[in-house]
Structure formats: structure tokens, C-alpha cells
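> Pasting a structure here, questions to come.
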Amino acid sequence: MKFDYSSATHLLAERTASPRERGRASYRGYEANHAKNPTKFSEPHKYNMKQVDDPSTPKKHGAHKLGTTQIEGYVVGRDKTVVPPEEVQKLASIGCKDLEIANWFGINDNTLRFNFSVELLKGREELKLSLRRAMFNNAIHLNNTVMQIFLAKNFLGMSDNPALSEDNKPLPWIERDDVDIEQPTEEEMKDEL
């Protein structure tokens with residue numbers, strides 16, 4: 001049985017280092033704490049260190065094997081990240097924001113928008129179409145009353161308050177001077193009463 005000291009020192013360095021030093025994967029935090037308290041770090045096997053038969057052979061149960069794949073896509077950004085446009089479109093079609101997609105691929109969101117604006121637009125339109133399809137399916141085939149009312153208000157222009165419709169407005173009043181309207185005489189007015 002051998003100890004895997006490379007992972008042991010890395011674990012100790014992560015445990016004792018400040019967040020800034022952990023981000024840089026520095027070894028300085030381990031050295032500083034080891035100088036203060038040498039007995040604490042003298043036995044690495046007591047602090048969650050694994051015993052490994054041979055680090056080059058994978059474990060039998062649940063071990064992860066390393067492999068390589070080829071990804072086809074656009075090379076973007078300063079670090080030359082390969083981003084497949086199909087995956088960008090799929091992520092946009094399930095409603096992911098630009099920042100979430102950019103973080104998934106490890107690129108800047110401005111880089112994503114610059115290089116994949118068409119794919120983002122297509123994905124967002126797919127999302128709208130699928131939502132619209134589901135709404136109409138709920139309203140028509142599943143007879144969802146709430147969805148029927150919502151679609152009637154938004155697509156057909158119907159409203160709950162009929163007093164606001166154009167049918168109930170008074171007719172426009174036009175005054176013209178060229179039309180001669182005869183005033184009834186006194187006798188005609190007496191006859192009507």
C-alpha cells in the first residue's frame with residue numbers, strides 16, 4: 001500500500017489556505033500553518049488521506065475513467081474554447097439566460113452574444129412556439145377553461161367589461177349649417193300632446 005502524497009499535500013494546502021490562495025492553488029498556506037503547528041500536519045494519513053494501491057489503475061466500483069472526445073463547434077474567446085452551436089440553441093430553447101449559457105461553456109456572455117446571436121434567437125423562438133403549442137393544446141384538446149379565457153382575452157381581444165367596447169360608444173354628433181331643419185309650429189306641437 002502506498003500513500004498518494006500528491007493529493008495529500010493538495011488537500012492540506014486547500015484546507016489551510018485562505019480563499020485567495022485556494023483560488024490560485026497555492027502551497028503557501030500549508031507552509032505558514034506547518035511552521036506554526038508542525039505536529040498537526042506531520043501525519044498526513046490521519047486527515048482524510050486515501051490509501052491507494054497504484055494511482056495509475058482505476059478503482060473497480062464507481063471509478064471514473066479519463067478519456068478524450070472531439071467537440072465540433074466554433075472556437076471563441078481568448079482561451080480558444082470550442083462551443084457547439086447546437087448546444088447553445090438547445091440551452092436557449094429551454095429558457096436559459098445568456099449569462100447561464102456563457103457560464104456553462106466557460107466564456108464571457110458578450111462573446112456568446114457576438115458569436116451565437118442567431119442560435120440564441122432560434123432557441124428563444126423555439127421556446128415561444130412550444131409554449132404557444134402547449135397553451136393551445138390545453139385550451140382546445142384538454143378543455144382547460146382558464147387557458148381558454150386567457151387566450152380569448154389575448155388573441156381575440158375579448159374583455160370582462162363590455163362597457164368599454166366600441167359597440168357601446170355614442171354615435172358621433174355632427175353639426176352642419178347647410179342643413180335646414182324646420183321648427184314645428186305651435187299647432188303641430190299642440191296636436192302631438
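Each value in this text was obtained by applying a stated rule to the coordinates, not by laboratory testing. This one's a predicted model, so the numbers in the text were calculated from it and none came from an experiment. Cβ coordinates were reconstructed from backbone atoms using ideal geometry, including for glycine residues, and neighbour counts include every protein chain displayed.
> Just rank LEU151, LEU156, fewest to most, by other beta-carbon atoms within 10 angstrom.
So the residues, fewest neighbours to most, are LEU156, LEU151.
> Something else about it: What nm value, rounded to one decimal, do you get for the distance between THR69 and VAL82 when each label is placed 7 Å out toward the C-beta?
1.1 nm
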